[in-house]
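Asker: Let me give you the structure first, and then I'll get to my questions.
The values are calculated or read from the model by the stated rules, or taken from the named source; none is laboratory data. All values reported here derive from a predicted model rather than from experimental measurement. Neighbour counts are summed over all protein chains in view; Cβ atoms, including those assigned to glycine, are modelled from backbone coordinates with ideal geometry.
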There are 2 protein chains.
Amino acid sequence: MPARPAGVTSYSPCVTAIAELVAVLGPGKVLTDPDVTDSYARDRTFLEPGKPLAAVLAESRDDVVAVMRWASAHRVPVVPRGAGTGLAGGATAVEGCVVLALHRMAAIRELSPADEIAVVEPGVITADLDRAAREFGLMYAPDPSSYEISTIGGNLATNAGGLRCVKYGVTRDSTLGLEVVLADGRVLNTGRRTVKGVTGYDLTGLFVGSEGTLGVITAATVRLRRAPLVYPATIAAEFGSLRDAAAAVAAIIAAGCQPSLLEMLDRATLKAIDDWKNIGLEPSVQAMLIAQSDAVDGQAVAERMRELCEDNGASFVAASADRREAEELIGLRRMAYHAKERLGSCLVEDVCVPRSALPDMISAIEDIAARHGVPICTVAHAGDGNLHPVFVFDRGLPEPPPEVWAAADEVFRETLRRGGTLTGEHGVGLLKQRWLALETGPVTEEIHRGVKQVFDPLGILNPGKAV
Amino acid sequence: MPARPAGVTSYSPCVTAIAELVAVLGPGKVLTDPDVTDSYARDRTFLEPGKPLAAVLAESRDDVVAVMRWASAHRVPVVPRGAGTGLAGGATAVEGCVVLALHRMAAIRELSPADEIAVVEPGVITADLDRAAREFGLMYAPDPSSYEISTIGGNLATNAGGLRCVKYGVTRDSTLGLEVVLADGRVLNTGRRTVKGVTGYDLTGLFVGSEGTLGVITAATVRLRRAPLVYPATIAAEFGSLRDAAAAVAAIIAAGCQPSLLEMLDRATLKAIDDWKNIGLEPSVQAMLIAQSDAVDGQAVAERMRELCEDNGASFVAASADRREAEELIGLRRMAYHAKERLGSCLVEDVCVPRSALPDMISAIEDIAARHGVPICTVAHAGDGNLHPVFVFDRGLPEPPPEVWAAADEVFRETLRRGGTLTGEHGVGLLKQRWLALETGPVTEEIHRGVKQVFDPLGILNPGKAV
């Protein structure tokens, strides 16, 4: 995969330029030792990064302003970075860039229970914000599987989803306003502190999911939501086929259960978890659904979901007796990616189909895996139609072998044929660049280029990513 | 107020150009009789429109494409129009424009209960879509007061809110994808049919609320939501002071009641309704709150809201015994604007403050009204902090007298001082142009200009509006 930017053709970085940056930022913030900068150059993909000139550890908005002014003056590409937990290469360093690491900007500047908002810096760990809100009976809803290690900044960059977003929406739905440093160092404030507002264009929404290509987010005003009063009612259902599980998902949605979590794991995923954590997986189990309801009548809803699972062929459905048991179950789900990483290198995909297409899409993936002889483990935020087929390949290989790319290519095409999208929540990054045009088409591409040009005329912001 | 576009400096429309348009579109779609076109030139504001060259009644996307190609070729400004129920001058004709009326494009192209989405044309009446969805146990959540007469297209243009948006969000929150005809006639498809997706920039969100300045929306894929199974539990509370009512609102939000509707009416508004419909308004009543809960435990929530109203000084709280009574009550609320229109010409404002600032903002408005000697009637989507102070003035005047503008100016400044916004749901249109810079600032303005330039380089789309 290419890690070189397409837009920028010549850079003029040199030792004196870096010295200038050090002089502006002060000591301890500019790292240039290649062994150190390499550790800031990668995300969680297999993608081989370019060599950064430096990694900057920003501590304030003014640091970010200084970096962007300097980068504009010297035409140096800047790759913003949160915790590096991305799965699409959005934070992968490009050759000759400065990695702008934002994890030190980790203050919750404000948390207002009365207005149900918080103002946070990009380096705040997602779960930390959620915990801070819980102190006031509130929650920060978006909860990507990685939420104990990912940052709000990274979540904003990719418009991250998560397990709860089947009920509460994705990161964009929780974002009211942003403070952004533009490519030339100007500071732009978007949005508002109010829950409604239509003054001007929706620049807030435009930045969310733009993968650091339009500006560097240095603060966000996010919406908090009322936390459920009791721990959600939880069930886990085992199925003899993945398609049955998908049919149960469709039935649960169609019945209006409004689950607050509805996750699906296939046998390969369960096996990987079982090999690691010994969960006592039965040989006949081909799929598991985990469902929660945090509604006031959650127990009744869980009971209805249990019936619908049984109606659709579930062999065993357990209602979690207590919170600890349920949390362990959800913990296993959050562990799925790490379990698969133990098997080898992973190409993690993130397709999303209209919910009614889920059973067919599941069948299509099984068929593709069989035809290409490629093992695919799939977990899904099933209630959203968001599937993560994971292609595991030999750790010795620098990138996926041709049959994996061929299988992935078919998965994308089958997704688009069903009215779906290439990426539900991970972003395009570098990884999905080659399929982007299939979904967007030439008019969208022209508009994307035009928008990019408005915000980043020199093409220095995370070049080659997202669009 | 100015109704002339700022961007376009010379137009070359003439009789032959119009003849060309008629030839392309066929008979019956191009109206040029000034008496007729004048009726397409106004919205619900007092603003005196410019004279349109013609009004085009588009029947298809291809008609819109033809109009935009023609308009680009001849540099004719185009003002898109839904039902003309706007309250900010967004659809007010500019001199020498073509009004592009979209009310004939009123098909619900698709309604998928399984995917909980609909694909609709811009001329669909909002309440009609909601009714169509109810056939399947679903609803279209956004419900501006005007929803029986406003169109989806107009709602998209202004990112309309409504009564239910305190729980279900505004129009943007229900919009998944758009079909848009750009200024030069190219067709852009944005977004998706899936509930999640992060491929490319959020162009869908960018168009929603852009007031027809970036393109003409010819279809929208919208999200439907599960309709509550029973009619919401409803209470109405009367207060001796508006500030008490606002305090009750803050208490209801802080207690986590999550109302599905929370509306406030001041005495002046109630009086206007009483004068019209004879609702038996008591002399001591200075404010009314109407609250609903559509939760499963709605009756219990309504009871809790009743207690909180009483704790905050409500003199009388009635729980509506049945659906008919509750619907009448909500009907009165929806009638508020029409009741005020009977009193004279109206300058309708639409400020929104953080919810905790509601009581103070209410006091500030009362103070401003007293100091300027200007009567202000206020209704509010109180649960969102969204206030509609309405300045009623003599119908004989062509526009609000100076003291009304001065009072409005103070209302805007007090709003912004509290971290609020000029417009919660009506849009900037022409009416709020003169205050826009106070909220946005120079960097945002530059970005707005840049974005506008990408989509509409000739400046022919609804010039002088929104940004």
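Asker: Considering (1) surrounded by 24 or more Cβ atoms within 10 Å (Cβ to Cβ); (2) under 24 Å from A:G464 (Cα atoms), say which one A:T194 fails and leave the rest.
Answerer: (2)
Asker: For segment B:320-406, please list each of the helices (runs of 4 or more DSSP H) lying entirely inside it that holds at least 2 residues being in contact with a helix residue (DSSP H, G or I) (Cβ under 6 Å, 6 or more places away or on another chain) and more than 14 Å from every other protein chain (Cβ to nearest Cβ).
Answerer: B:336-341, B:358-372
Asker: Turning to a different aspect of this structure: Can you tell me how many residues in segment A:420-460 are on the phi > 0 side of the Ramachandran plot, surrounded by fewer than 20 Cβ atoms within 10 Å (Cβ to Cβ) and touching a residue at least 12 places away in the same chain (Cβ under 8 Å)?
Answerer: Residues that pass the stated criteria total 1.
Yes/no per residue for (1) charged (D, E, K, R); (2) in contact with a Leu (Cβ under 8 Å, 6 or more places away or on another chain):
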position: B:L281; (1), (2): no, yes
position: B:R306; (1), (2): yes, no
position: B:S315; (1), (2): no, no
position: B:E325; (1), (2): yes, no
position: B:D350; (1), (2): yes, yes
position: B:M361; (1), (2): no, yes
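Asker: With under 30 Å from B:G383 (Cβ atoms) and modelled with pLDDT of 95 or more as the only criterion, which of A:V67, A:V79, A:V120 stands out?
Answerer: A:V120
Asker: A further question on this structure: Sort out which residues of segment A:220-231 are surrounded by 24 or more Cβ atoms within 10 Å (Cβ to Cβ) and either closer than 28 Å to A:R449 by Cβ or within 11 Å of another protein chain (Cβ to nearest Cβ) (or both), and write them in order of number.
Answerer: Listed by number, the residues that qualify are A:A220, A:T221.
Asker: Which members of segment B:88-102 meet the condition of being more than 17 Å from B:A71 (Cβ to Cβ) and in contact with a helix residue (DSSP H, G or I) (Cβ under 8 Å, 6 or more places away or on another chain)?
Answerer: If the condition is that a residue be more than 17 Å from B:A71 (Cβ to Cβ) and in contact with a helix residue (DSSP H, G or I) (Cβ under 8 Å, 6 or more places away or on another chain), then B:A88, B:G90 are the ones that fit.
Asker: Does A:I365 satisfy the condition of being crowded, with 21+ Cβ neighbours inside 10 Å and closer than 30 Å to B:A118 by Cβ?
Answerer: Against the criterion (crowded, with 21+ Cβ neighbours inside 10 Å and closer than 30 Å to B:A118 by Cβ), A:I365 qualifies.
Asker: Residue by residue through segment B:185-204, note down the ones that are closer than 20 Å to B:N159 by Cα and touching a residue at least 12 places away in the same chain (Cβ under 8 Å).
Answerer: B:L188, B:N189, B:T190, B:G191, B:R192, B:R193, B:V195, B:L203, B:T204
Asker: Just to be sure, is A:P27 under 24 Å from the mean Cα position of the chain (by Cα), without any contact (Cβ under 8 Å) to a residue 60 or more places away in the chain and in a loop (DSSP other than H, G, I, E, B)?
Answerer: no
Asker: Pick out the one residue from B:A339, B:A380, B:A321 that is among the hydrophobic types (A, V, I, L, M, F, W, C) and under 24 Å from A:V296 (Cβ atoms).
Answerer: One residue alone meets the criteria, B:A321.
Asker: What strands (runs of 3 or more DSSP E) completely inside segment B:45-112 contain at least 2 residues that are of a type in the set (G, A, S) and outside the structural domain of B:L129 (by TED's automatic domain parsing)?
Answerer: B:54-57
Asker: Please tell me if A:V428 is more than 14 Å from chain B (Cβ to nearest Cβ), among the β-branched types (V, I, T) and either within 24 Å of A:D384 (Cβ to Cβ) or outside any loop (DSSP other than H, G, I, E, B) (or both).
Answerer: No, not satisfied.
Asker: Same structure, new question: Out of curiosity, is B:N155 within 13 Å of the chain's Cα centre (by Cα) and more than 19 Å from A:L206 (Cβ to Cβ)?
Answerer: Considered against the rule, which asks whether it is within 13 Å of the chain's Cα centre (by Cα) and more than 19 Å from A:L206 (Cβ to Cβ), B:N155 comes out as yes.
Asker: Among the residues of segment A:179-195, which ones are under 21 Å from B:A437 (Cβ atoms) and either within 9 Å of another protein chain (Cβ to nearest Cβ) or in contact with a Gly (Cβ under 6 Å, 6 or more places away or on another chain) (or both)?
Answerer: Passing the criteria: A:V180, A:L182, A:R186, A:V187, A:L188, A:N189, A:T190, A:G191, A:R192, A:R193, A:T194.
Asker: Quick one: B:F316 ticks every box in (1) within 21 Å of the chain's Cα centre (by Cα); (2) at pLDDT below 90; (3) part of a strand (DSSP E or B) except a single one, so which number is it?
Answerer: Among (1) within 21 Å of the chain's Cα centre (by Cα); (2) at pLDDT below 90; (3) part of a strand (DSSP E or B), B:F316 violates only (1).
Asker: Next question. I'd like the residue in segment B:232-258 that is at the interface with chain A (Cβ under 8 Å from one of its Cβ atoms) and within 30 Å of A:V301 (Cβ to Cβ) and, out of all such residues, is modelled with the lowest pLDDT.
Answerer: B:A254
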